[in-house]
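Enquirer: Got a structure for you, questions after.
The values are calculated or read from the model by the stated rules, or taken from the named source; none is laboratory data. The structure displayed is predicted, hence computed values, not measured ones. Reconstructed Cβ throughout: ideal geometry from the backbone, glycine too, with neighbour counts over all protein chains shown.
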Amino acid sequence: MNKIIVYNFLRFFILVFVQVVLLKNITMYNLNIPFLYILFIFLLPFKTPKFFLFFLSFTIGLGVDVFSNTLGLHAAACTLIAFLRILYISITVQNESQETIITPNLSTMGFRWFFIYTLLLTFTHHFCLYLFEVFDVNTAFNLFSKVLLTTTLTLFLVFITELLFYKKQGNG
């Protein structure tokens, strides 16, 4: 168990560092920035207590807010996806699976489940983030184009990262 805690602790700081140092400066058509740091929330173990999940989600969002000067936007969006993560996992994963599988990732859950999981949470995060940022429904087309482009780019980076650390399930 201590190995999991240390691993997640390192993942937290590495993803925040990558987000605020590298990805903050990458923009595509001056519309979006990929938000790879939300991968931390996706990969937290199933048995993470709800209070601690909300605390960690808020903390990583706040960490990105501090370096991005966005006044709590990331913290709010991350807290929302922590809530949706709990709902999605409780609906789609059986309790027996949560006992045998430690963390929801590509290698343990399979491509289809992990894709829907990350797509739903990433889209929600980006929609919430950009809606709070603009807070103007009159620019709906710009909002949806930003959300779709950012979601696509973020999902691409999430899957590249997951494939780099993918462990084949099986006997050999």
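Enquirer: Which of the residues spanning the range 48-102 are in contact (Cβ under 8 Å) with a residue 60 or more places away in the chain and under 26 Å from K3 (Cβ atoms)?
Expert: Of everything in the range 48-102, just one residue is in contact (Cβ under 8 Å) with a residue 60 or more places away in the chain and under 26 Å from K3 (Cβ atoms), namely I102.
Enquirer: Output the helices (runs of 4 or more DSSP H) that fall wholly within the range 103-169 and possess 3 or more residues being at pLDDT 90 or above, closer than 16 Å to I81 by Cβ and under 13 Å from the mean Cα position of the chain (by Cα), or say none.
Expert: By residue number, 111-134, 140-164.
Enquirer: For the range 75-102: of the residues being in a helix (DSSP H, G or I) and among the β-branched types (V, I, T), which is nearest to the chain's Cα centre (by Cα)?
Expert: This residue is I81.
Enquirer: Just to verify a result, which residue in the range 125-150, among those that are closer than 17 Å to V64 by Cβ and hydroxyl-bearing (S, T, Y), is surrounded by the fewest Cβ atoms within 10 Å (Cβ to Cβ)?
Expert: By that ranking, first place goes to Y130.
Enquirer: Modelled with pLDDT under 95, within 13 Å of the chain's Cα centre (by Cα) and more than 24 Å from L22 (Cβ to Cβ): is that true of L53 in this structure?
Expert: When the stated conditions are applied, L53 passes them.
Enquirer: Quick one: which of L22, L44, L73 is under 26 Å from E133 (Cα atoms) and either modelled with pLDDT of 90 or more or touching a helix residue (DSSP H, G or I) at 6+ places or on another chain (Cβ under 7 Å) (or both)?
Expert: L73
Enquirer: Using beta carbons and a limit of 6 Å, which pairs, at least six apart or on different chains, have the first residue in the range 1-17 and under 12 Å from L39 (Cα atoms) and the second one of a type in the set (A, V, I, L, M, F, W, C)?
Expert: R11/F40; F12/F40; L15/F40
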